[in-house]
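Below you'll find the structure, written out as structure tokens, and then a few comments.
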Amino acid sequence: MSIADSILNRLQKLLVYLVKQDPDGGWGEFVAGCQPVWSRIVAAGHSQGSGHTAYLGRMFKLDKVLMFSGPQDYLNDLGEPAPWQPSPSATPSSSFFAFLSLNDTFNVHHQIANCMVLMGLTKPETQMVKPGKSSTETTKFSSTTSKRTGLMAQLSSHSLKTFGSIWAR
């Protein structure tokens, strides 16, 4: 892949474009000197994209890293997460969040192992979200708890609404 087609270049170009095309949109808060202000950016990715997002979190100090149904970067032959995952991270592990489904068609146990490494956990700490339950019947996910919490969720449009307050921060 060429540098021009990389995630980094495309994001930088998009942010600069948005600052120019939508000056009242607040995009300038994410750009300084035509470069992304990583510490103000929340990166999110699904499946293989969650691995890309986690890798960005290792490279740059992001505000938050949201991983949906992944990462998928697990070495089956060696029975362990990919070697880049335990590498030093610019983003603190407390800013990594995982949303997984026990019914994922990919091996959810590999995803849990990946997330444990990325989130600095020695055992999975989960909160379950049951489909069809109202938000008053569901344990709410909070990033303000003193202990890091991962999340395994049966994701549906309802459960995404349950976590709406997290996205608004």
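The values are calculated or read from the model by the stated rules, or taken from the named source; none is laboratory data. This one's a predicted model, so the numbers in the text were calculated from it and none came from an experiment. We place every Cβ from the backbone using ideal geometry, glycine too, and count neighbours over all the protein chains shown. Accessible surface areas use protein heavy atoms only, side chains included; no ligands, DNA or RNA. Shrake-Rupley method; radii C 1.70, N 1.55, O 1.52, S 1.80 Å.
Rounded to the nearest 20 Debye, what is the dipole magnitude of segment 1-83 about its Cα centre when Lys and Arg each give +1 and Asp and Glu each give -1 at the C-beta?
Details: 7 positive and 8 negative charges, 49 e Å.
It works out to roughly 240 debye.
What shape does segment 1-73 have by the C-alpha gyration tensor, where a ≥ b ≥ c are the square roots of the eigenvalues, rounded means a/c under 1.5, and otherwise prolate means a/b greater than b/c and oblate the rest? Prolate shape, in that a/c is at least 1.5 and a/b is the bigger ratio. Projecting the Cα positions of Ala43, Gly33, Tyr17 onto the charge dipole of segment 14-80 (unit charges on Cβ atoms of Lys, Arg, Asp and Glu, taken about the Cα centre) puts Gly33 furthest along the positive direction.
At 1.4 Å probe size, with every protein chain present, just tell me what the per residue accessible area of segment 1-67 comes to in Å². Don't skip to the end; give the middle numbers.
Working: 4030 Å² over 67 residues.
In whole numbers, segment 1-67 has 60 Å² accessible per residue.
Could you tell me whether segment 60-114 comes out rounded, prolate or oblate from its Cα gyration tensor? Rule is a ≥ b ≥ c as square roots of the eigenvalues, rounded for a/c under 1.5, then prolate if a/b exceeds b/c, otherwise oblate. It is oblate, given that a/c is not under 1.5 and a/b is not larger than b/c.
Summing charges over neighbours of Ala4, with a neighbour being any other residue whose Cβ is under 11 Å away from its Cβ, gives +1 when K and R count +1 and D and E count -1. Electrostatic bookkeeping for Asn107 treats Lys and Arg as +1 and Asp and Glu as -1; over the other residues with beta carbon under 14 Å from its beta carbon, the sum is -4.
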